[in-house]
There are 2 protein chains.
Amino acid sequence: MTQRVAIIGAGPSGIAQLRAFDSAKKTGQDIPEIVCFEKQDDWGGQWNYNWRSGIDKYGEPVHSSMYRNLWSNGPKEALEFAEYTFDEHFGRPISSYPPRAVLWDYINGRAEKSDIKKYVRFATVVRWVDYNESTELFTVTTEDLKTGKTASSDFTHVVVGTGHFSFPNVPEFAGIGTFPGELMHAHDFRGAERFAGKDILLIGASYSAEDIGVQSFKMGARSVTYSYRTAPMGFDWPQGIEELPLIDRFEGSTAHFSNGVSRKFDAVILCTGYLHHYPFLPSGLALDSPNNVYPDTLYRGVASENNNKLYYLGAQDQWFTFNMFDAQAWYVRDLITGKASIPAAGDQRISIDAWLKRFNAIETAEDEVKFQADYIRDLIEQTDYPMFDLDEVTRTFMAWKNDKKKNIMTYRDKVYPSVMTGTMAATHHTPWLSELDDSLERYMAPVPSESVEDLAATEKAKSK
Amino acid sequence: MTQRVAIIGAGPSGIAQLRAFDSAKKTGQDIPEIVCFEKQDDWGGQWNYNWRSGIDKYGEPVHSSMYRNLWSNGPKEALEFAEYTFDEHFGRPISSYPPRAVLWDYINGRAEKSDIKKYVRFATVVRWVDYNESTELFTVTTEDLKTGKTASSDFTHVVVGTGHFSFPNVPEFAGIGTFPGELMHAHDFRGAERFAGKDILLIGASYSAEDIGVQSFKMGARSVTYSYRTAPMGFDWPQGIEELPLIDRFEGSTAHFSNGVSRKFDAVILCTGYLHHYPFLPSGLALDSPNNVYPDTLYRGVASENNNKLYYLGAQDQWFTFNMFDAQAWYVRDLITGKASIPAAGDQRISIDAWLKRFNAIETAEDEVKFQADYIRDLIEQTDYPMFDLDEVTRTFMAWKNDKKKNIMTYRDKVYPSVMTGTMAATHHTPWLSELDDSLERYMAPVPSESVEDLAATEKAKSK
């Protein structure tokens, strides 16, 4: 059988894979037949905001955990595509922490520039993937969600780009079943407007908790309480935000914390992470891993050790995002087309073990960023993806962490230079804390007249 | 291959199927090998309350649409099992509209009385069902949600008992994507306590809307507004509840209705129904139907016309519930064991068309109840399930509708005699409108001392 590649998902990872093949095609190479299955009506994955929560209009789990007024929580300079820069897309410098719509526009711009939409079957969900040992083919069974028609087709390779921030991890807490207030997982959070004047509790101490809490504070929550399991985030929080240890139990609307403190809340948001969950894959092929920067059983972080024709993109916990997915996609492309090759099983294991050894020795956030930078460097060295200054990105990450530490409420007003083009980001016309409109139009508009007043309001807000 | 039957789901329908086989076994008949797959940790289906919404702890869509303080919205006398009465279970008369926990206890009591739990594989989801034309077997692929292990096994027959009130139908409304208040489908509604003092909007005019609205009013909502598409429910609502026509658009927290009225809301609940959704079945086998009392393509409402070894239980819109599932399950059992037989394809179609003709002539609610009573009678006549007075149940339904019409806030205080035993239901110790504790313990307790005061409070509340 000639090569046929199924790509599951058309988010940043799936698009990276499509673009990787497109890039090879433009240099005159033969590429396999490609079909990308995307269960949403449009591409962009997480960046494709959906007001629905829980189950989507087709009866499928809502993919995206996106919310209104989400602005990038890391500098865009750390995620820039090496082969499609922000300068190229926007034509002028923009700020370092753009809102969702702006990042979606950037992803979409790269994708639209290539002739890759023709490969994507939208509103088509993958129901089941079977591998036949004798034919060495994958049978991919899909459903066209608009018609309900199911169909099966054989593929030589499968690339899983469905991400791992879509299926919430929802632990049990004593008494939570009768908590009378609003109760949701971060996955179902769509906006904080209604928490104005409310006391809200966020269970968790990672990025979801941090950002949803800060977002709620920005939108006027009366108080924001975080509950951590192992360690507090430890930012210099403004008055009205506080960290407490783990919940012991709920009684009505009161949460009792393990340190004896009790408080009443109007709303609880479980920021308790996500599951690696691949309901379309049999065990053995489905990645089974906690969320970390080096999931076991993936050679070079992408090729399933159990089946070298099955690949995962973006399965890692992520400091680097878009450009890491690119590095992975370019490498997977070369594995499929034979420009690169996978060693024998024993050597795959030796490679994985070597990375795991280093992974297990990680002690600090900086170690982890450097680990991921080295991982990406190793991938890019195998392919024709443009190498970029990964050490400089690491320094950008460290500057970002430092800026956050200095002021968690204003770090998004900082700017950094592009690692790809050297262009310095522009200071945005309105400070993040006073900008309540996250639209592309408002973001790209010239300095709005109310910005000066906004600035004054922000200065007031951030004085603690 | 000897007969092997896969039952998908252990809710009221799946339990009915297990009980049907168990009943035959107790009369000395040989029964097939049976495996029942249930994705939840316990049986009871909709009656198994889960505080989670959206996605459950295993990463699967939450099955149950159940909420705290749900009391039966129809008289229990209309759903009583003909072969396991309320008298047998509770040993004394109880009221006609018990809360969830009491009905779960009743379902569970019948199930526990039989030795059927051994057939159920809990926390096991069916991923995919394939029918092989040459072997004439179904391959059922499942995942053990606790271990993540997938497995496939062949079956001669498949019974689908997954219900059709689990996958929400969520239409789009202009501007809803930026509605700032709480926004959910009825499927994700878990309790109305937090709507005290709030203005809430329910979109829909069927049972979910009716009951969630009334429930919210009971729990202290400041106002309850219903939005209907075709016709209002038309009850004599108390002050604070009102029906308006369809939403034209949302602007911020304001809903604009098609009659020009505009109102601000704190919360919106989409009571817009559910989808027949069988993500584990290929098209052709998956039932594709709107929610009505006679879905096309099912012979005698259970056997798939496309594959006579595939059966659906409870696929109808439901006036009758538990006892209808029993009638269906007993008949399906007899089809499988050969005590009953399915006619040739042409005759199946003639039968379905005859029922559809009568279905299409239905004009009133009473017509529809009688239609469903006749449908059940036809099934029971084929089997050894105890016949019961279906005309009397129809009269009970009509009395119920009349009581609701008289007073939508107090109809649950009415009582009816059992069709099975003649036992008159007991007036409950506390009027529904003042009973805020829906536990089995409180329900079964002797008259609580505060009931007299409650009664006075209720009398006051219901005076409009």
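The values are calculated or read from the model by the stated rules, or taken from the named source; none is laboratory data. Owing to the predicted nature of the structure, the values given are computational and were not obtained by experimental measurement. Every residue, glycine among them, receives a Cβ derived from its backbone with ideal geometry; neighbour counts consider all protein chains shown. Ligands, DNA and RNA are excluded from the accessible area calculation, which covers all protein heavy atoms including side chains. Shrake-Rupley method; radii C 1.70, N 1.55, O 1.52, S 1.80 Å.
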Shortest first, in nm, what separates the label point of A:PRO171 from those of the same position in the other copies (7 Å along Cα→Cβ)?
-> 4.2
Per-residue mean of C-beta atoms belonging to partner chains within 10 Å, peptide B:45-58 = 5
Please find the FRET efficiency linking B:ALA231 to A:THR2, where r is the Cβ-Cβ separation and R0 is fixed at 45 Å, and quote it to the nearest 0.05.
-> 0.20
With everything on Cα atoms, drop me the angle between helix A:345-360 and the longest principal axis of chain A, reported from 0 to 90° to the nearest 10.
-> 20
Starting from the amide H of B:TYR274, placed 1.01 Å from N in the peptide plane, find each other amide H under 5 Å away whose residue is 5 or more places distant or on another chain.
-> B:ASN169
Shielding of A:131-144 by partners, i.e. mean partner chain Cβ atoms within 10 Å per residue?
-> 1
May I ask you to rank B:SER134, B:SER351 by accessible area, largest first, using a 1.4 Å probe over the protein chains only?
-> B:SER134, B:SER351
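How big is the A-B contact in terms of buried accessible area, both chains counted, 1.4 Å probe, rounded to the nearest 100 Å²? The partial results should precede the final answer.
Numbers: alone 18940 and 18950 Å², together 34480 Å².
Protein heavy atoms only, the A-B interface buries about 3400 Å².
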Take the alpha-carbon centre of the range A:227-301, take the same for the range B:111-173, and report the distance between them in whole Å.
-> 31
State, to one decimal in nm, how far the label point of B:SER206 lies from the label point of A:THR135, with both points 7 Å from Cα in the Cβ direction.
-> 4.1
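Quick one: with all protein chains in place, what share of the accessible area of the protein assembly as shown is carbon or sulfur, to the nearest percent (1.4 Å probe)?
On the way: 16990 of 34480 Å².
So the carbon and sulfur contribution to the accessible surface is 49 percent.
I'd like to check one number: the per residue accessible area of the range B:185-235, probe 1.4 Å, reported in Å² as a whole number. Numbers along the way, then the final one.
Details: 1590 Å² over 51 residues.
I get 31 Å² per residue for the range B:185-235.
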Under 5 Å from the placed amide H of B:TYR294, counting only residues 5+ away or on other chains, we find B:ASP317
Working from Cα positions, state the angle (0 to 90°, nearest 10) between the long axis of helix A:390-406 and the longest principal axis of chain A.
-> 20
Hey, quick one: spin label on A:SER341, modelled 7 Å out along Cα-Cβ, who in the range A:145-161 has an amide N within reach, i.e. under 18 Å?
-> none
Do any GluC sites (Glu not before Pro) in the range B:95-171 lie in a loop, going by DSSP, with at most 10 other beta-carbon atoms within 10 Å of their beta carbon, and if so which?
-> B:GLU133
Given charges of +1 on the Cβ of Lys and Arg and -1 on the Cβ of Asp and Glu, with all other atoms neutral, how large is the dipole of the range A:176-270 about its Cα centre, in debye to the nearest 20?
-> 160
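For the protein assembly as shown, report the translational diffusion coefficient in µm²/s to the nearest whole number, using Stokes-Einstein at 4 °C, 1.567 mPa s, and a Kirkwood Rh over Cα pairs.
Numbers: Rh = 30.0 Å.
Estimated via Stokes-Einstein, D reaches 43 µm²/s.
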Roughly how much of B:VAL120 is accessible, in Å² to the nearest 10, using a 1.4 Å probe?
-> 20
Binned Cα-Cα distance frequencies in chain B - 10 Å width, integer % = 4, 19, 29, 27, 15, 5, 0
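So what's the back-of-envelope 222 nm ellipticity for the protein assembly as shown, counting only DSSP H runs of four-plus at -39500 (n - 2.57) apiece and dividing by all residues, rounded to 500?
-9000 deg cm²/dmol
May I ask you to list the trypsin sites (Lys or Arg not before Pro) in the range A:103-148 that are in a DSSP loop and have at most 16 other Cβ atoms within 10 Å of their Cβ? Walk me through the numbers before you get to the answer.
Working: sites: A:ARG110, A:LYS113, A:LYS117, A:LYS118, A:ARG121, A:ARG127, A:LYS146; in loops: A:LYS146.
Counting only loop positions with at most 16 other Cβ atoms within 10 Å, the trypsin sites (Lys or Arg not before Pro) in the range A:103-148 are A:LYS146.
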Tell me, what is the 1.4 Å probe accessible area of A:TRP400, in Å² to the nearest 10?
-> 10
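What average count of beta carbons from other chains do you get within 10 Å of the Cβ of residues in B:189-196? Intermediate results must be reported in sequence, preceding the final value.
On the way: counts 0, 6, 6, 1, 6, 8, 1, 1.
Rounded to a whole number, the mean comes out at 4.
If you build the convex hull over the alpha carbons only and average its shadow over all orientations, what do you get for the range A:176-270? Give it in nm² to one decimal. Spell out each step's value before the answer.
Working: hull surface 21.9 nm².
If I average the Cα hull's projected area over directions, I get 5.5 nm².
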Measuring label to label, 7 Å along Cα→Cβ, what does A:MET387 give against each other copy in nm, shortest first?
-> 8.8
Got the relative contact order for chain B handy, in percent, Cα pairs under 8 Å and 6 or more residues apart?
-> 18
Using Cα atoms only, what is the angle between the long axis of helix A:365-381 and the major principal axis of chain A, expressed in degrees (0 to 90) to the nearest 10?
-> 20
Cβ-vector label at 7 Å, A:LEU356, separations to other copies in nm | 5.8
All lysines inside 22 Å of A:LYS146 as judged from Cα atoms, apart from same-chain residues fewer than 8 positions distant = A:LYS39, A:LYS57, A:LYS117, A:LYS118
Whole-Hz Karplus couplings 3J(HN,Hα) for the range B:280-286, θ = phi - 60° and coefficients 6.51, -1.76, 1.60, Gly and Pro as x, run 9, 10, x, 4, x, 8, 5
Using θ = phi - 60° and Karplus 6.51 cos²θ - 1.76 cosθ + 1.60, couplings along the range B:49-63 (whole Hz; Gly, Pro as x) | 4, 10, 5, 5, 10, x, 10, 8, 5, 9, x, 9, x, 4, 6
Which GluC sites (Glu not before Pro) does the range B:282-366 hold that lie in a coil by DSSP with at most 10 other beta carbons within 10 Å?
-> B:GLU363
Using distinct alpha-carbon pairs, which all enter the 1/r mean, Kirkwood radius of the range A:1-69 in Å = 13.6
Taking B:LYS406 as the anchor, which aspartates and glutamates have their alpha carbon closer than 19 Å to its alpha carbon, excluding any fewer than eight residues away along the same chain?
-> B:GLU210, B:ASP211, B:ASP236, B:GLU242, B:GLU243, B:GLU366, B:GLU459
If you add up the charges near B:GLY175, with Lys and Arg at +1 and Asp and Glu at -1, over every other residue whose beta carbon is less than 15 angstrom from its beta carbon, what do you get?
-> +2
